[in-house]
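Peer 1: Got a structure for you, written out below as structure tokens; questions coming shortly.
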Amino acid sequence: MNNYKVVKDIMDLSPTTEIEMIEQLAEMKRIYSALESLLPESGPACLVVSSASPGEGKTLLVGGLASFSARLKDQRVIAIDLNWHMPALHRFFGLDQSFDFNDMKAVPSVLEFVQPSGIDHLDILTAPKFEQKDAKGNSPGNLTGINIMKHARKAYDMVVVDTSPILPINRSMMDPVIFSKAADGTLLMVLNYVTPKHQVKRAHMILETSGGRVLGVVVNQWKNPML
């Protein structure tokens, strides 16, 4: 792991007590502080969060970082779920998937489907009710995701994007590598003692050789992240 910068360990992404919630807030603050120097100082910033494999806690990291960012500064923040294969961000915020892909095609901007998170300055764009499948790398689903990110950059100060895991490669998923290239940087979530090192190295290599900017690796210590 010496080749990767570890942004910060997360001790527990599912706090059950007030003390654990305070500890989680402190961890999110440390991660966000590390990111501030790596993201653009002026203008909107776009961060993609992915993982080497499923079930490593990246959705919880997206929700935590977006929530902390909205609370920390007087800025507009949006968290976007581009993991259309296995969407989970709506559950983190207790929201419904209120639209489908056909609805998206009928409006000028998909941001019309943004929902308030319940936290000041933070909005959520859930995944549509069904996934968009296409075997091609430049599929309509991927291009739609890129356009969503572009629209969000124009309307928000901070954009945090939840994506599918990089491995295993699945043609039915929207490609996190393509979204990484369109963002200012990418965080990789790793589940401690579970994610094989060779998978982390492979995911890191795929991102960098494809033109993505890997800002760091976040090591999740929680044994069962679920999301």
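Peer 1: Note down the net charge around S98, summing +1 for each Lys or Arg and -1 for each Asp or Glu among other residues with Cβ under 14 Å from its Cβ. Working shown, then result.
Peer 2: Working: positive: R91, K129; negative: D81, D96, D100, D103, E112, D123.
In short, -4.
Peer 1: Counting other Cβ atoms within 10 Å, keep those with at most 14, restrict to DSSP loop, and tell me which chymotrypsin sites (Phe, Trp or Tyr not before Pro) in the stretch 149-205 are left.
Peer 2: Details: sites: Y156, F179, Y193; in loops: Y156, Y193.
Those satisfying the criteria are Y193.
Peer 1: If I take all pairs of Cα atoms in the stretch 162-221, what percentage of them are more than 20 Å from each other? Mind showing how you got there, number by number?
Peer 2: Working: 350 of 1770 pairs.
Summing the P(r) tail past 20 Å for the stretch 162-221 gives 20 percent.
Peer 1: Return the subset of K129/K181; K29/K150; K154/K181; K105/K181 for which the Cα-Cα distance in this structure is over 20 Å, preserving the input order.
Peer 2: Working: K129/K181 26 Å; K29/K150 27 Å; K154/K181 18 Å; K105/K181 24 Å.
Exceeds cut-off: K129/K181; K29/K150; K105/K181.
Peer 1: If you don't mind, there's one more thing I want to ask. Per 5 Å bin from zero, what fraction in whole % of the C-alpha pairs of the stretch 53-184 is there, up to the bin with the longest pair?
Peer 2: P(r) for the stretch 53-184, in whole percents per bin: 2, 11, 22, 25, 22, 12, 4, 1, 0.
Peer 1: Separate question: In whole Hz, with x marking every Gly and Pro, tabulate ³J(HN,Hα) for the stretch 198-204 from phi via Karplus 6.51 cos²θ - 1.76 cosθ + 1.60, θ = phi - 60°.
Peer 2: 5, 6, 4, 4, 5, 4, 4
Peer 1: Okay, moving on. Under 13 Å from the Cβ of H121, count the other residues' Cβ atoms, weight Lys and Arg +1, Asp and Glu -1, and hand me the total.
Peer 2: Details: positive: R71, K73, R76; negative: D74, D120, D123, D157.
Here the charged neighbours net out to -1.
No lab work stands behind these numbers, since they all come straight from the coordinates. Not measured: the values here are computed from a predicted model. Note that each Cβ is placed from the backbone with ideal geometry, even for glycine, and that neighbours are counted across all protein chains shown.
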